[in-house]
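**Student:** There's a structure below that I have some questions on.
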Ligand code: PEP
Ligand code: MN
């Protein structure tokens, strides 16, 4: 249930409603927007119906959220979530953020070199995996904590926020110590223990859609994060499995306007994993922006031939520059900045 307060509602009105809900076991989550404050109540349906919240001072409207996801639903935050990161970077709102970097953190020198180029070309978040979810146990599994240290050091040196994947509940504290955004990968979208643990952690998080996950399931997984206290969540479309084999995955462009309509969370598009081939990455990125995404995630590498993972879909800096230029034009056409 969502309680929308009038613009002249006072803090005392808000507290009164929260306390009244708490008395009958309802948990309140408050979203303070520029114009209006919204209280989302979670709890048993009969408890929700038992108090006439409409008559409480300061209340403008009470909405029953029929969708199974409540806190992530658009009704909860009509104007959309904007996530604030270090160095003045934001995700959500008019400006489109660009996350770029190698699939895996491989070395300090390699990371520093690509990070400087990424930033100079307009990226404002640095990616790099340290714990890698690889199909084969014989493939490079990531540098682990050493990789996180490199990512953090390079992020500080270049002055750019960082993102890296957390694969396991036992790693949450460790990864959160080094990076600015925790990434939950496609393979872990329904790892509910991990979702609860990351939900309890006060760090922005990017939740990738699974390769065979309905949009509704993706939003329900995001709901776990919010229900456990973490509201700084972004959704990431990274391609789904279809019958098509010409590309690694099928980038589901439909997911962008659908997720934007159903939820207030920023939506990221990852055309690198979405296509699996460097040749198609820029087209996927442009399509993502045209469809209304709030950020891109692009894999880049100075020498893709030697990359320890995902070389085939990694762009060299010159191609990344071309991508940025063409994406800027598309952004302008849909009234966004890049
Ligand atoms: C990645 O970002 O490198 C990654 C492993 O992504 P996904 O979980 O989408 O496969
Ligand atoms: Mn990758």
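Only the coordinates and a few stated rules stand behind these numbers; no lab work does. Note that this is a predicted model, so its numbers are computed, not measured. Please note: Cβ atoms are built from the backbone with ideal geometry, for glycine as well, and neighbour counts cover all protein chains shown.
**Student:** May I have the extent of the alpha carbons of segment 169-311 along their three principal axes, as whole Å values ordered from largest to smallest?
**Tutor:** 39, 36, 25
**Student:** Out of 100, 287, 295, any idea which swings most in a Gaussian network model of the chain, alpha carbons joined below 10 Å?
**Tutor:** Fluctuation is largest for 287.
**Student:** I've got another one for you. Could you list 94, 36, 70 so that the one with the fewest beta carbons within 10 Å of its beta carbon is first and the one with the most is last? Write out the running numbers ahead of the final one.
**Tutor:** Working: 94 11, 36 17, 70 20.
Placing the least packed residue first, the sequence is 94, 36, 70.
**Student:** In whole Å, what three semi-axes, largest first, describe the equivalent ellipsoid of segment 18-69 built from its Cα gyration tensor (square root of 5 times each eigenvalue)? Write down the numbers at each step before the final one.
**Tutor:** Numbers: eigenvalues 60, 37, 25 Å².
Value: 17, 14, 11 Å, ordered largest first.
**Student:** In the chain, what percentage of the DSSP-assigned beta bridges are antiparallel, given to the nearest 5? The partial results should precede the final answer.
**Tutor:** Values: 17 of 44 bridges.
Percent antiparallel among DSSP bridges in the chain is about 40.
**Student:** Moving on to the next point. In deg cm²/dmol, rounded to 500, what helix-only [θ] at 222 nm does the chain give when every DSSP H run of at least 4 residues adds -39500 (n - 2.57) and the total is split over its residues?
**Tutor:** Details: 11 runs with 117 residues, N = 338.
Using -39500 (n - 2.57) per qualifying helix, the result is -10500 deg cm²/dmol.
**Student:** Okay, moving on. Would you give the gap between the C-alpha center of segment 192-234 and the C-alpha center of segment 1-77, rounded to a whole Å?
**Tutor:** Spelled out, the Cα-based centre of one part sits 22 Å from the other.
**Student:** Enumerate the whole-percent occupancy of each 5 Å bin, from 0 to the last occupied one, for all C-alpha pair distances of segment 83-333.
**Tutor:** Calculated P(r), rounded to whole percents: 1, 7, 15, 20, 22, 19, 12, 4, 0, 0.
**Student:** Over the Cα atoms of segment 227-266, each weighted equally, I'd like the Debye log10 I(q)/I(0) at q = 0.19, 0.30 Å⁻¹, rounded to two decimals.
**Tutor:** Those come out to -0.65, -1.01, one per q.
**Student:** Quick one: among 42, 163, 125, which has the greatest mean-square fluctuation in a GNM of the chain with alpha-carbon springs under 10 angstrom?
**Tutor:** Taking springs between Cα atoms under 10 Å, the residue moving most is 42.
**Student:** Here's a follow-up. With the convex hull built on the Cα atoms of segment 172-247, state its orientation-averaged projected area in nm².
**Tutor:** Averaged projected area of segment 172-247's Cα convex hull equals 5.2 nm².
**Student:** Sorting check: for 13-21, 297-305, which peptide has the highest mean count of neighbouring beta carbons within 10 Å, and how do the rest follow?
**Tutor:** 297-305, 13-21
**Student:** Can you tell which of 75, 54, 197 shows the greatest fluctuation in a Gaussian network model of the chain with Cα springs below 10 Å?
**Tutor:** Maximum among the listed residues: 54.
**Student:** While we're on this one: Using only the Cα atoms of segment 92-202, build the gyration tensor, take square roots of its eigenvalues as a ≥ b ≥ c, and label the shape rounded, prolate or oblate: rounded if a/c is under 1.5, else prolate if a/b is larger than b/c, else oblate.
**Tutor:** Numbers: a/c = 1.77, a/b = 1.29, b/c = 1.37.
Oblate.
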